[in-house]
Amino acid sequence: MPSPVQNPRILLSQCRFQLHFPPKPHNLQPNPRHFHCSKSKLSLSHQHQLVSEPQTSQSPSSWSPSSQILTIRESLLSRQKKAVEITRDYLNRLRQTEPQIRSFLHVSEEEAAMREAEDIDRKIEQNEELGPLAGVPIAVKDNICTADMPSTGGSRILEGYRPAVDATAVRRLRECGGIVIGKTNLDEFGMGSTTEASGFQVTANPWDVSRVPGGSSGGSAAAVSAGQCVVSLGSDTGGSVRQPASFCGVVGMKPTYGRVSRFGLMAYASSLDVIGCFGSSVMDTAILLGAISGHDRLDSTSSKHEVPNYASELASADLLESKPLSGLKVGIICETLGDGVDAGVISSIRAAASHFEELGSIVTEVSLPSFSLGLPAYYILASSESSSNLSRYDGIRYGNQVAADELNSLYKDSRAKGFGPEVKMRILMGTYALSAGYYDAYYKRAQQVRTLVQKGFKEALGENDILISPAAPSAAYKIGEKTNDPLAMYAGDIMTVNVNLAGLPALVLPCGFVEGGSAGLPVGLQMIGGAFDEAKLLKVGHIFERTLHGCRFVPSL
């Protein structure tokens with residue numbers, strides 16, 4: 001498993017693809033998406049009034065998310081704007097909204113970000129080829145290593161720690177022209193569903209600052225939702241990209257296990273961890289995923305599967321047929337629409353299923369009998385792996401050291417002071433599950449359940465092109481609402497953990513909203529595909545997004 005600290009190496013690689021677009025003037029302003037819904041079966045019967053967004057040529061009924069990455073590229077190539085202006089605008093937006101949202105644990109020094117932006121402007125002046133992420137401000141979850149910024153994993157035990165090198169995903173972002181503007185908040189080492197388990201601060205949901213943004217990648221999702229960056233990286237061990245995407249009303253992509261290198265990702269559960277992507281549109285998410293995907297010799301678990309040009313396969317809205325998803329077989333997982341799921345969420349998912357039918361899809365209900373078994377199996381496996389992976393943080397190999405007269409006391413005191421309560425609990429759970437006399441009863445049995453889950457998905461995807469479900473059983477809940485009831489918080493992961501157990505890709509995008517806050521709360525639709533079927537998910541998601549008329553998504557910050 002890739003370690004959070006690696007020896008410095010000289011790593012040179014080329015971006016997998018380059019994008020070129022004709023110059024077109026465009027007035028770029030960094031802003032989050034605005035949410036409005038007309039009366040339709042895809043929305044509530046009432047309408048919400050939010051702040052207005054900059055003028056566009058689209059009417060509310062025809063609006064659909066546009067690609068901020070492509071807009072930035074057009075602005076740069078047409079000389080409408082410079083990269084330094086764009087970067088400064090986003091940094092200003094970040095500073096303006098950060099006191100409310102608290103998405104970031106560290107923000108890049110403006111001088112460093114400006115230097116990277118100036119390099120992009122220089123390339124444009126010299127007519128050099130630009131990478132697909134040229135001039136795009138990007139945020140990175142703080143459990144993904146960055147050589148020029150602290151990387152704490154959201155834990156006090158790594159406070160102030162700076163890795164020797166970038167994670168492979170971060171290095172590829174930079175090679176493709178991306179500008180990393182900061183590190184985002186998370187539950188400590190990815191263990192949580194709200195960011196309340198962060199060792200430093202609690203992030204707020206941009207839709208309602210009294211509510212959680214989800215977790216563990218809550219900071220990355222909130223940053224995109226609030227318009228503090230264009231796209232961001234997160235990690236997903238049991239839903240940590242998809243659930244925050246649902247809570248914050250953005251697009252979240254969990255790729256197939258092995259599609260993206262884990263080198264430089266701080267290990268939580270090595271057989272489940274993946275690096276994922278957030279964007280305000282499917283197109284932006286596709287471009288970001290294409291930039292970071294591919295085999296990496298520094299990660300033995302990364303796949304050698306060819307990486308397609310995801311973005312080039314997404315059709316323009318003008319070219320869509322009346323039934324663009326004709327013949328697509330969609331299976332709706334019936335176990336995800338039963339007890340324990342909010343009525344508003346169920347209504348939104350059934351409305352999304354109806355929208356698929358309008359687009360020509362064949363929608364049927366699919367049963368996965370082993371679905372409910374995935375949650376306890378996941379927590380046994382993830383806790384067991386974490387108890388091993390986190391043993392390196394002992395104050396000697398990694399982590400801040402507490403002074404002590406004796407070695408065992410040094411270990412004990414350094415870990416006691418550095419780890420938060422949630423991490424300690426999961427280490428204890430994992431150690432117990434792996435202990436002599438209990439291994440067969442817990443860990444071995446959980447692995448057997450994992451095999452059943454994988455077989456269930458294989459059978460369902462053999463009969464359907466994609467599977468759909470809610471991304472979470474509820475919309476975002478209040479900060480502090482579940483801190484004293486960890487089992488209720490764990491139960492919220494039931495929609496997502498099975499996908500990690502099976503190692504499959506999944507895409508979440510907003511499909512509706514429920515009552516809550518001052519302007520409603522977004523609901524995310526999860527689409528699950530076969531291994532390395534990210535391209536199919538992105539195509540379907542793009543069409544769904546572009547045809548979901550009458551809705552606009554942005555918090556009123």
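The values are calculated or read from the model by the stated rules, or taken from the named source; none is laboratory data. Note that this is a predicted model, so its numbers are computed, not measured. Here the Cβ positions follow ideal geometry from the backbone for every residue, glycine too, while neighbour counts run over all protein chains shown. What goes into the accessible areas is simple: the full protein's heavy atoms, side chains included, and nothing from ligands, DNA or RNA. Shrake-Rupley method; radii C 1.70, N 1.55, O 1.52, S 1.80 Å.
For segment 478-557, taking Cα atoms only, Rg and Dmax work out to 15.6, 41 Å respectively.
For the chain, carbon and sulfur atoms together expose 51% of the accessible surface, with a 1.4 angstrom probe and every protein chain in place.
Extending 7 Å from the Cα toward the beta-carbon at both Leu319 and Glu481 defines two label points whose distance is 4.3 nm.
Placing dummy labels 7 Å off each Cα toward the beta-carbon, the span from Ala441 to Tyr398 is 3.2 nm. Taking θ as phi - 60° and the Karplus parameters 6.51, -1.76 and 1.60, the scalar couplings of segment 160-170 work out to x, 6, 10, x, 6, 9, 6, 4, 4, 4, 5 Hz in sequence order, x denoting glycine and proline.
Taking N as the residue count of the chain, its C-alpha radius of gyration divided by 2.2 N^0.38 Å amounts to 0.91.
Per the Kirkwood formula applied to alpha carbons, segment 388-446 shows a radius of gyration over Rh ratio, Rg over Rh, of 1.08. Between Arg122 and Cys334, the contour length at 0.36 nm per residue exceeds the alpha carbon distance by 70.9 nm. The lysines whose alpha-carbon is closer than 19 Å to the alpha-carbon of Lys539, local same-chain residues fewer than 8 away aside, are Lys254, Lys323, Lys329.
Of the peptides 197-209, 67-79, 360-372, the order by per-residue mean of other Cβ atoms within 10 Å, starting with the highest, comes out as 197-209, 67-79, 360-372. Taking the square roots of 5 times each eigenvalue of the Cα gyration tensor of segment 253-334, largest first, gives ellipsoid semi-axes of 29, 16, 12 Å. In terms of packing, defined here as the mean over residues of other Cβ atoms within 10 angstrom, the peptides 236-243, 297-304, 319-326, 373-380 line up highest first as 236-243, 373-380, 297-304, 319-326. In this simple spin-label model, placing a label point 7 Å from the Cα along the Cα-to-Cβ direction at both Leu428 and Glu109 gives a separation of 4.3 nm. Pairwise Cα separations in segment 88-240 fall into 10 Å bins from 0 onward with the following percentages, short to long: 13, 42, 34, 10, 2. Kirkwood radius and radius of gyration were both taken over the C-alpha atoms of segment 70-119, and their ratio Rg/Rh is 1.04. Surface exposure of the chain, expressed per residue as accessible area with a 1.4 Å probe, stands at 37 Å². Highest mean first, the peptides 408-419, 168-179, 214-225 sorted by other C-beta atoms within 10 Å per residue fall in the order 214-225, 168-179, 408-419. Straight-distance candidates among the lysines for linking to Lys123, with alpha-carbon spacing under 25 Å and chain neighbours fewer than 8 residues away dropped: Lys24, Lys81, Lys82.
Put simply, the amide H of Ile179, placed in the peptide plane, has neighbours under 5 Å in Gly135, Val136, Ile138, leaving out anything fewer than 5 places away on its chain.
Find the percent of Cα-Cα distances in segment 353-427 that exceed 21 Å, and round it to a whole number. It works out to 54 percent of all Cα pairs.
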